[in-house]
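Visitor: Here it is: the structure, laid out below.
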Amino acid sequence: MTIVTERPSTLDPTHVRDTMSMVPTSVTVVAGQPELTGERAAMIVGSFVFISMDPCLVGFFVGRKSSSWPQLNKATVLGISALASTQTRFCRKLGKKEADRFNDSFWTQGAYGAPLVTGSVAALECQIEKVTPIGDHSFVLARVLRLSTGNAKDPLVFQNHEFAGLLPC
C-alpha cells in the first residue's frame, strides 16, 4: 500500500473538467417554488444520487456560485426530474439565464406542489434534510416524499461535453 505524505501539486481546472467529462452523468432538473415569494426557480444538476431506501434519501451537489440555489433553498418541497433523451432542447433552454424557464407546456405540478418536468423518466418530490458545504460546492441531502416513473425510458446523460441517450438508436 502506498501512503501519500506530500501535498499534491495544484491541478489544472481545465484538465480536471475534461477528464471528469469522460464519466457519464445523469441530467436532472431541480425546481421549486418558495411560498413566501411564489417565484419558481430551477437548475440543472449533473450530480444526482440515490442514497438510502429507509429512509428514502437522495442527494445532489450545487455550486456555491449558483444563482438559482438561494431561491430553491427556500422552497418547502423540491421537484427533481430526471430528463429523457428527447429533452435535450429543453435542457439547453433551461441552462440559459434569460430564457423563460417556466413555459407551462414543459411543467406539471406534483402532489406536494413541486414543479416537475413533463415527460421525464423519473420525478421525485423531496424536502431538504441538510446542506453541507464541501469545497466549492454544497451537498444537499433530501428526503423523498413521493416518486414516480414517466413514460420515457431512455434517460438523458451528459458525457464528453455532449448530451446523449443510453438506449441504442
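The values are calculated or read from the model by the stated rules, or taken from the named source; none is laboratory data. It should be emphasised that the depicted structure is a prediction, and the values quoted were computed from it without experimental measurement. Cβ coordinates were reconstructed from backbone atoms using ideal geometry, including for glycine residues, and neighbour counts include every protein chain displayed. These accessible areas exclude ligands, DNA and RNA; they are computed on the full protein's heavy atoms, side chains included. Shrake-Rupley method; radii C 1.70, N 1.55, O 1.52, S 1.80 Å.
Visitor: At 7 Å along Cα-to-Cβ for each site, give me the label-to-label distance between GLN109 and LEU36 in nm.
Guide: Each label point is offset 7 Å from its Cα along the Cβ direction, giving 2.2 nm.
Visitor: Could you run the Debye sum over the Cα atoms of the stretch 23-73, one equal point scatterer each and no solvent, and tell me log10 of I(q)/I(0) at q = 0.13 Å⁻¹, two decimals?
Guide: -0.37
Visitor: Classify the stretch 52-140: rounded, prolate or oblate, from the alpha-carbon gyration tensor (a ≥ b ≥ c, eigenvalue square roots; a/c under 1.5 rounded; otherwise prolate if a/b is larger than b/c)?
Guide: Note, shape of the stretch 52-140 comes out oblate.
Visitor: Let me ask something else. Please list, or write none, the aspartates and glutamates whose alpha carbon is within less than 12 Å of the alpha carbon of LYS65, excluding same-chain residues fewer than 8 places away.
Guide: ASP136
Visitor: Tell me, in nm to one decimal, what length is gained between ASP154 and ASP54 on full extension, where the rule is 0.36 nm per residue of separation less the Cα-Cα distance?
Guide: Stretched fully, the ASP154-ASP54 segment lengthens by 33.3 nm.
Visitor: Could you tell me what percent of the accessible area of the stretch 12-145 is made up of carbon and sulfur, with a 1.4 Å probe and every protein chain present?
Guide: Heavy-atom surface of the stretch 12-145 belonging to carbon and sulfur, 1.4 Å probe: 55 percent.
Visitor: Here is a further query. Given Cα positions, please report Rg to Rh for the chain, the hydrodynamic radius being the Kirkwood one.
Guide: Computed over Cα atoms, the ratio is 1.00.
Visitor: Counting only heavy atoms of the protein chains, get the accessible area per residue of the stretch 29-122 (1.4 Å probe) and round it to a whole Å² value.
Guide: I get 53 Å² per residue for this part.
Visitor: Connecting C-alpha atoms closer than 10 Å in a GNM of the chain, tell me which of SER26, SER120, SER47 has the biggest fluctuation.
Guide: SER47
Visitor: Can you pull out the GluC sites (Glu not before Pro) in the stretch 87-159 whose DSSP state is coil and whose Cβ has at most 12 other Cβ atoms within 10 Å?
Guide: Those satisfying the criteria are GLU98.
Visitor: Most mobile of THR19, THR132, THR149 per a Gaussian network model of the chain (Cα springs, under 10 Å)?
Guide: THR19
Visitor: Follow-up question, since we're still on this one. Using DSSP loop states and a limit of at most 10 other Cβ atoms within 10 Å to flag trypsin sites (Lys or Arg not before Pro), what is the longest stretch of the chain containing no flagged site?
Guide: 98-169
Visitor: So for the stretch 1-88, what are the equivalent ellipsoid semi-axes in whole Å, largest first, each being the square root of 5 times an eigenvalue of the Cα gyration tensor?
Guide: Semi-axes (√(5λ), whole Å): 31, 17, 16.
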